[in-house]
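Just so it is clear, none of the values below were taken in a lab; they were calculated from the coordinates. On a predicted model such as this, the values are computed, not experimentally measured, just so you know. Every residue, glycine among them, receives a Cβ derived from its backbone with ideal geometry; neighbour counts consider all protein chains shown.
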């Protein structure tokens, strides 16, 4: 008997489909674990389960609970290091850029004036995103200086969590983007998300249609999965004149609009991978290594009056004296 811990916030369509698929499996027992109804002793196993499928709506809850399970010897899918690399847009972009995987340019700033300078450096239009967030919420397409001033002023009034300014290059797209579903390192299916709006998320009204898995899609998604960590991923891509570009990677993917569209039983493939992963040892987060990814800018601050090295040479940097 295999005991699967099903970590969730609420039972949405995706969770219902996954639970139904798990119920079809012989020798599988499911223990539901609501992430908000219990407290957890960090020195003890939260539950007597063999493996956990993490489906929390909240990135923070899922991340910390995954770490607690892993620290007590229980493997989690997706592992906490995968959640961290997907859930924080800065971490995702940093890893992709450093590994040479095509991805839009990103400038970071932490004060309003620096954010306005970064926007001018990147050019109009550009996109301001929260570093942590989903469903296309709180995104802003900035098209001119007056809009930049108003949006940055508004963000500043919302508190410190909104003053991590993640400013991304805007890429013109043919009215659609591509979401690819990856199991392990394999792209199993993909959809086009089409919308007249520049935000194409199906949660925001984007229409799904089948997208064939081309060699370019398969290769780029495999490289990204190897970098982020193999698991259950949804990788979003943009079509550009230079080829495909990775825009985001998601670790608790939604797929309700994609099963019929692609003809692929996504929850079945997810459960098959989950059960095949149960014998892999848990890998607790190595906190000593985190500074190389997400804390490097804090442990190696730039001298006053200096801008950090420009990793995108074709972006014109503003002068601090201007």
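Look at 131, 13, 82 and count the other Cβ atoms within 10 Å of each Cβ; fewest to most, that gives 13, 131, 82.
Set the Förster distance to 51 Å, then compute FRET efficiency between residue 31 and residue 194 from the Cβ-Cβ distance, nearest 0.05. Here the calculated transfer efficiency is 0.80.
Shape class of segment 105-170 from the alpha-carbon gyration tensor: rounded, with the ratio a/c of largest to smallest axis under 1.5.
Take the Cβ-Cβ distance between residue 276 and residue 1 as r, set R0 to 25 Å, and report the resulting FRET efficiency rounded to the nearest 0.05. Here the calculated transfer efficiency is 0.90. Extension gain for residue 71 to residue 12 (0.36 nm times residue separation, less C-alpha to C-alpha distance): 18.4 nm. Ranked by how many other Cβ atoms sit within 10 Å of their own Cβ, fewest first, the residues 55, 105, 61 fall in the order 61, 105, 55. Considering segment 63-193 at the alpha-carbon level, its Rg and Dmax are found to be 17.1, 53 Å. Taking a ≥ b ≥ c as the square roots of the Cα gyration tensor eigenvalues, segment 33-139 comes out prolate, since a/c reaches at least 1.5 and a/b is larger than b/c.
Using alpha carbons only, how many angstrom separate the centre of segment 213-272 from the centre of segment 1-53? Here the answer is 24 Å between Cα centres.
Between residue 24 and residue 146, the simple spin-label model (points 7 angstrom out along Cα→Cβ) gives 5.7 nm. Once the Cα-Cα distance is subtracted from the 0.36 nm per residue extended length, the residue 42 to residue 209 segment shows a gain of 55.7 nm.
Neighbour counting of Cβ atoms within 10 Å sorts the residues 211, 86, fewest neighbours leading, into 211, 86.
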